Amino acid sequence: MKNRLKYISIYRIAIIVWMSIKFLVQIFWFQKRHRIWDQDTKRKWEDMLEKQAGEYRKKAIALGGLLIKFGQFLSSRGDLLPRAFIKELEGLVDRVEPMPFYRSKEIMEEDWNAPLEEHLSNIHEDPVASASIGEVYKASLKDGTAVAVKVQRYRVKDIFKMDFKALKIVFWLVDHFTSYGKKADLPALYREVVRVISNELDFTMELENGNQFKKRFSHFPSVYIPDYYTDLSTKRVLVMEWIEGTKITDLSFIKKHQISREQIAKTLFDLSVEQFLDAGMFHSDPHPGNLMLQSDGTIVVIDFGMVGEIRQEDTNSLRAMVQGFILEDYDRVIAALQDMDFLLENADTERVKKLIKQTTDMYLEGNFDKLDANMMNDVMTDIQQFVKDQPIQLPADYAFLGRATSIIVGVLSSVYPQVDLIQWGRPVIKEWVSGEDSNYSIFKEVAKETARPLLSLPRALVEYLEDGDKEREWKSYHQRNHLFHQFYLFYAFLSLVFIGSGAAALYLTVIQTVLPSIWIGVSLLGLGLIGFISCVMSHFKMIKRIHHNRRNEV
């Protein structure tokens, strides 16, 4: 029964939308009940978010499809979600129950327009990996060459289309009934989600990405990228070289083959730096399962379905931003953020600039002689919190870049806990900041700064004049009325959802005979009607009271 329901559009949409509405109501009710945020309130808040994320993870594993991929996408959005929610989603592994082999066989034979025996001498029917989009099988070509065959899951495109519809409804709710609508460009974010995740449904793009990575890192020491078989690869089937190896974090394997842990970490560090700092594509999901280690110490990178791209102009903007931090020129930092589309249109650039300066000064007071993995994770957590609190929305590629960086730091600390990122990174950053045009560009900028007039209005005075409470008492009344407008509209919409769900349940009970009892639909429909009538009446009374107060003021 559950497998049948997974392919019913109204069922998937109802489950996803209802879960989202429940989360929003829980958040609203929590904030309404807790006006004072002490340590106990913060702990309860964290517990609630962890519980919500845990429920999301269970639903994602049960339904598969978009929920798993979207959960991985959300785990990269420190600019949107609380850390407690993201931490729970980081453990969301893209593993689902395997499909029956005959489904995969049908897809392979349909795409190849030939029976399997024409191209393969044998294939193991039990997949070596099963994910939300595809399953991987070990097989052999006619000449005996071992290959890995990745096959798209049965009806996966249909499932994703259903889930995209549900996601659009959820984004509309969040945009209209929460404060995120003002802080984030949610329509643009939805388009990014659809674009990024839809790319993974076309295996020819993964094939192209893999070939580009292989060409780019063909001469990189101790790194290998598998070959792809273009003639056997289609949009739904991907054939690649079979690689023997283990996860890069398999310490017993490393010890058995006497591989230098420091050398593994240094190779991975250099590989990551070249991806993350230079223009071009980077691997967005470099978890240990996608980083294999061979007995001779070679690192094998696989699975290029999820990649990001750093444009050349963005590389220049990043370099300018780092130079701005070094020179304490925060106008340059703001300009770089604007060039990279990090700041939303409604951003108060002066406020953001001041907060960036204050945050930077706070870190400069600390000791960064040795930046280990734990400190790096703390810094990244603080950066995520800062970004989340400000009108900053990371483009998808840079959200994935932050996620990839965090994953790599974790892998490095697992393989080589003594890693010193400052020592390894100092010469790289020095060369990178200097730029390609001149090895001395950063020193030229320092000279320009030194030549600036020394007499200027002290920044402390400017900051003092900019501080202060800008809120006015006359706004509070209108803000409160606006809040209650949103409150009643939200519950009216929630009641309509109940009415729609009840009607759908009655249809599935009476017409389709999928649900066992008619009382499910009757109860949902009744609750929805009562709630809707109550909200309309209460809203009308509030509007009448507002008009009465306005006449009295006149």
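The values are calculated or read from the model by the stated rules, or taken from the named source; none is laboratory data. The model shown is predicted, which means the values in this text are computed figures rather than measured ones. Positions of Cβ are generated from backbone atoms using ideal geometry, with glycine treated the same way; all protein chains shown enter the neighbour counts.
For the stretch 243-262, indicate whether the set of residues that are out of contact with any strand residue (DSSP E or B) (no Cβ under 7 Å at 6 or more places or on another chain), under 30 Å from residue 154 (Cβ atoms) and not in a strand (DSSP E or B) is non-empty. Yes, there is a match, as at least one residue in the stretch 243-262 is out of contact with any strand residue (DSSP E or B) (no Cβ under 7 Å at 6 or more places or on another chain), under 30 Å from residue 154 (Cβ atoms) and not in a strand (DSSP E or B).
Applying the condition of being under 26 Å from the mean Cα position of the chain (by Cα) and of a type in the set (Gly, Ala, Ser) to the stretch 284-301 and asking which residue is nearest to residue 199 (Cα to Cα) yields 284. Taking the stretch 92-142 as the search range and keeping residues that are of a type in the set (Val, Ile, Thr) and within 25 Å of residue 306 (Cα to Cα), which one is farthest from the chain's Cα centre (by Cα)? Here the answer is 107.
Answer yes if at least one residue in the stretch 54-67 is at pLDDT below 80 and touching a helix residue (DSSP H, G or I) at 6+ places or on another chain (Cβ under 9 Å), and no otherwise.
Looking for residues that are at pLDDT below 80 and touching a helix residue (DSSP H, G or I) at 6+ places or on another chain (Cβ under 9 Å), one finds at least one in the stretch 54-67, hence yes.
Rundown of residues vs (1) closer than 16 Å to residue 7 by Cα; (2) modelled with pLDDT of 90 or more, yes/no style:
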| site | (1), (2) |
| --- | --- |
| 103 | yes, yes |
| 110 | no, yes |
| 119 | no, yes |
| 126 | no, yes |
| 132 | yes, no |
| 135 | no, yes |
| 139 | no, yes |
| 146 | no, yes |
| 157 | yes, no |
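Against the conditions (1) surrounded by fewer than 14 Cβ atoms within 10 Å (Cβ to Cβ); (2) in a helix (DSSP H, G or I), residue 35 satisfies every one except (2).
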